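Engineer: The structure's right below; bear with me while I get my questions together.
The values are calculated or read from the model by the stated rules, or taken from the named source; none is laboratory data. Since this is a predicted model, take the numbers as computed values, not measurements. Don't worry about glycine lacking a Cβ; one is built from the backbone with ideal geometry, like all the others, and counts go over all protein chains shown. Surface accessibility is based on the protein's heavy atoms, side chains included, excluding ligands, DNA and RNA. Shrake-Rupley method; radii C 1.70, N 1.55, O 1.52, S 1.80 Å.
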Amino acid sequence: QVQLVESGGGLVQAGGSLRLSCAASARTLTPVGMGWFRQAPEKDREFVASINWSGASTYYADSVKGRFTISRENFKNTVHLQMNSLKPEDTDVYYCAARRTAESSISQYDYHYWGQGTQVTVSS
């Protein structure tokens, strides 16, 4: 069983930056693929970024490519999402997810564990 806890959300002005972190309770995050998703009220959960267990393979949604960076520190059981040049449309609840394979996925249905979410609000 893996428990995930997100942190780092908050309120920021457009053009600003935030760094989200996801800490896992399991002894190790390897070999698990990790992802970040986001969801607004009454909307479907949306893929943001994913990373495989080694960190060598990453994927991004087109809407965040070039602005967001996903990374991981397996020795700390932590995954990060660095968000730069934030826009009001990035306002959402952001969720960290883990799956029981080394590879990541852009589909929420491939993930087995989820965090409780952290709110990100970008003001214009």
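Engineer: Order 62-70, 44-52, 32-40, 112-120 from most to least packed using the mean count of other Cβ atoms within 10 Å.
Structural biologist: Per-residue Cβ counts within 10 Å, averaged per peptide and sorted highest first, yield 32-40, 44-52, 112-120, 62-70.
Engineer: Same structure again: Restricting to Cα pairs below 8 Å that are 6+ residues apart, what does the relative contact order work out to for the chain? Please round to a whole percent.
Structural biologist: 37
Engineer: Skip the ligands, DNA and RNA, and give the accessible area per residue of region 31-124 with a 1.4 Å probe, whole Å².
Structural biologist: Heavy-atom SASA per residue in region 31-124 reads 49 Å².
Engineer: Have a look at the chain and give its Rg and Dmax from the Cα atoms, expressed in angstrom.
Structural biologist: 13.3, 41
Engineer: Using heavy-atom solvent-accessible surface (probe 1.4 Å) with all chains present, what is the largest-first order of TYR59, TYR109?
Structural biologist: TYR109, TYR59
Engineer: So how do SER104, SER124, SER25, SER71 rank on accessible area, 1.4 Å probe, biggest first, that is with the largest at the start?
Structural biologist: Reading off the accessible areas and sorting them downward yields SER124, SER25, SER71, SER104.
Engineer: Taking the Cα centroid of region 97-112 and of region 30-54, what is the distance between the two, rounded to the nearest whole Å?
Structural biologist: Cα centres, region 97-112 to region 30-54: 8 Å.
Engineer: Give me the percent of the accessible area of the chain that comes from carbon and sulfur atoms, probe 1.4 Å, all protein chains in place.
Structural biologist: Roughly 48 percent of what the probe reaches on the chain is carbon or sulfur.
Engineer: Counting DSSP beta bridges with both partners in the chain, what percentage is antiparallel, nearest 5?
Structural biologist: On the way: 36 of 40 bridges.
Roughly 90 percent of the beta bridges in the chain run antiparallel, per DSSP.
Engineer: Once you put a point 7 Å from the Cα of SER63 and another 7 Å from the Cα of ASP110, both along the Cβ direction, what distance in nm separates them?
Structural biologist: Simple spin-label model gives 2.0 nm for this pair.
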